[in-house]
Every structure is written in C-alpha cells, then in structure tokens.
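Encoded as structure tokens, the structure appears first; notes follow it.
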Amino acid sequence: MGVVSNESELRDLFLEDGYEYSTEYPSPAETFTCPRETGAVMRPALAALYGLVFLFNVVGNSLVALVVLHNRPHRTVTDVYLLNLAGADLLFALTLPFWAAYQVTGWLFGTVLCKLVSVLQDLNFYSGVLLLACISVDRYLAIVHATRSAAHQRRWVVFVCLGLWILSFLLALPALVLRDVFTPHNSTPVCYENMGKDTARWRVILRLLQQTFGFLLPLLVMLFCYGRTLAVLFRARMGQKHRAMRVVLAVVLVFLLCWLPYNVILVIDSLMWIQVLADSCGLRDHVDRALVVTPVLGYLHSCLNPIVYAFVGQKFRHSLLRILAARGLVSKDFLVRHRVPSSHSSSSANTTTM
C-alpha cells in the first residue's frame, strides 16, 4: 500500500514508456484519453500532512509505550498487544519522511530504500490492523468469557504476537520483490510496482490480498468480538461497563472512518481496471483524486490509536500522570486535585484500552 503520487499519471507514464498491460486486464488509459490535472498543487500539502501525522504518531505512541513498559508488574495481554501496536505505528512513522519528500521531489533515495521503506510500510500496515483484531479478541475473552485464566493467556500471547509479525512480513514480501525505481518519460523518479506487461493483473491480485487480510477479515473479527462484547456490557448496566462501551464503539467507528473510504475506492478503481465498471473521464477524475486523499485518512489511524486505545481510558491517564509526577513534571497537589489513585489500585494494565 505504498504511497504513489498519482495513479492515473503512473498508468499513462507506463504506456508512454512502452510498458504493456495484460490483454486480459487492459488499462482504461488504453481505451481513451482524459484530460487530467497532474495533482502537483496537492503534493506540498500532502507532504505537510505526512509531517503532521509523523509528529503526532511519534508523540502519542511513545507515550503509550512508556506507560505500558512502566507498568510491567501489572501488564495484561491487552497491554502486550498495545505495546506491539505502538511499535508498529512508530515503525510506520519512520517511512513518512520518505513519502513526504517523494510527494515533492520524486523518489531520490535509490532502489534499496524504495524496497525497504515499502516493506516497512506494508509490514506495519498488516501488523497494525491484525493487532487491532487481536485486541478485540482479547476484550471478547476478558468480558464475554471472564472465567478464562489471565495467566494462561499471558503464556501464549508472545507466540501470537510472533506469529502475527511473521504473517505480516510474508504479506509484505511482494513489495520487496516488485518495488523498483524508474524514471518515466518527462517525470520525476517513481517508487512503484514494476511488473511489466502483467502490471494490471498483478495490481488487482495484490489489492485483493491487501483488502482481504488488511481490512475485511480484521473488520469481521472486530465486528463479531465487539458485537458480542457490547451485548454483555449492555446487560451488565454498570458505570465501569458503560465507559467500556464508549471505547468499544469508538474502536470500530474510528477504524471504519479511517480505512473504509480508501478500501471502497480501491475496489472501484480495481473494477475499472478489469472493465467491470465502465470507465469515464468524470468517474476516473473522482477516483484519482480519492486515491490521493483517502490514504491520508488511513495514515491518521496510527495517530488516533493512542487516543482510542489508551487516552480514553481513565486509568491510563492516571498512570501517565504518576510517571510525570515521579520525574517532577507534575506536582503531588495536581495529582490530588485530579484524584489520581495509587499505582497499586490502578494501572494501565487493567484498562489500558477500556
């Protein structure tokens, strides 16, 4: 899911430089030519947005990691997932300066970095989304099946995380194999999948893989787990449980708001590539613009994760304030005024996400 400057431009540039698409999946650009804007005006703005996402990502996820690591004696399975999620988002943040520069200057960092940055981005995209699904499963087990042993869960969570990272790396391997740097005619260098005459076919296959494992399956897992969890919480009718319901609803809502538009646009664009949807200049223009804007919403999800899974939780804020107080950054009077409980009675380990 690497950042590209403009999908329509890349299609046209492939054609200009003699790249042929599969006859089974012809590019719409081969059928007719539409007048299109280059999108050059948007690229500096996108670069600035990537910079803001980078800043908020690093600050928010660093605080999450700090709090979870600080509460090691009280750490739960959810906290282990949160720590991995924060790590995934921080690794994703490392790719943003490269993509920001790419928007303005083209890819000037060589083939090796093109492959590595693309793999790193895809690796953390898959691991992040799969970790969200794991968190929903953990909340489901903790609330719907409350009798399950926490000690038993802690024994296998390390293996689950290890397997998840391995699966994510395997799903990201196409970027390592297919990503390349080339300079189309009258264009700046691009870091993009280079699959020769089968480009259209493989683009559709890779998108199907991405949307299945990176959106549809995790979404179905979250909807099932949080749906059952909400049913139990509604029946409980307790103050603590109602706070948990708000976070559960926020989890699903933010995930959908960030990733649903991008995935819907990918489906529409892929259907146009294989000519299931009739291509037209008006529709193509709207889709191309959406392919530039909607990925930014997905990237914002890495900034919202700390808010949804951590900062909404009251005990997480208390843990953070205690850490700040221990370093002299917050006074004890401030803790008293905000009724921060002791670390023995409250920790992010119990309700980091809830």
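Structural remarks
- Residue-level check: of (1) open to solvent by 50 Å² or more (accessible area, probe 1.4 Å); (2) modelled with pLDDT under 90, Q103 misses just (1).
- Top-ranked residue in segment 320-349 [being over 18 Å from R72 (Cβ atoms) and β-branched (V, I, T); ranked as modelled with the lowest pLDDT]: V340
- Among the residues making up segment 84-104, a single one is in contact with a Lys or Arg (Cβ under 8 Å, 6 or more places away or on another chain) and either at positive phi or of a type in the set (A, V, I, L, M) (or both): V104.
- Checking each residue in segment 68-79 for being surrounded by 22 or more Cβ atoms within 10 Å (Cβ to Cβ) and part of a helix (DSSP H, G or I) picks out V68, V77, T78, D79.
- Residue in segment 123-131 that is of a type in the set (G, A, S), touching a strand residue (DSSP E or B) at 6+ places or on another chain (Cβ under 7 Å) and buried (at least 17 other Cβ atoms within 10 Å of the Cβ) present: no
- Candidates in segment 86-117 are the residues that are over 15 Å from the mean Cα position of the chain (by Cα) and small (G, A, S); of these, the one that is farthest from L46 (Cα to Cα) is G110.
- In the set (1) open to solvent by 40 Å² or more (accessible area, probe 1.4 Å); (2) in contact with a Phe, Trp or Tyr (Cβ under 6 Å, 6 or more places away or on another chain); (3) of a type in the set (G, A, S), A93 fails one condition alone, (1).
The values are calculated or read from the model by the stated rules, or taken from the named source; none is laboratory data. All figures in this text were calculated on a predicted structure; none of them were measured in a lab. Because the Cβ atoms are built from the backbone with ideal geometry, glycine has one as well, and the counts that use them run over all protein chains shown. These accessible areas exclude ligands, DNA and RNA; they are computed on the full protein's heavy atoms, side chains included. Shrake-Rupley method; radii C 1.70, N 1.55, O 1.52, S 1.80 Å.
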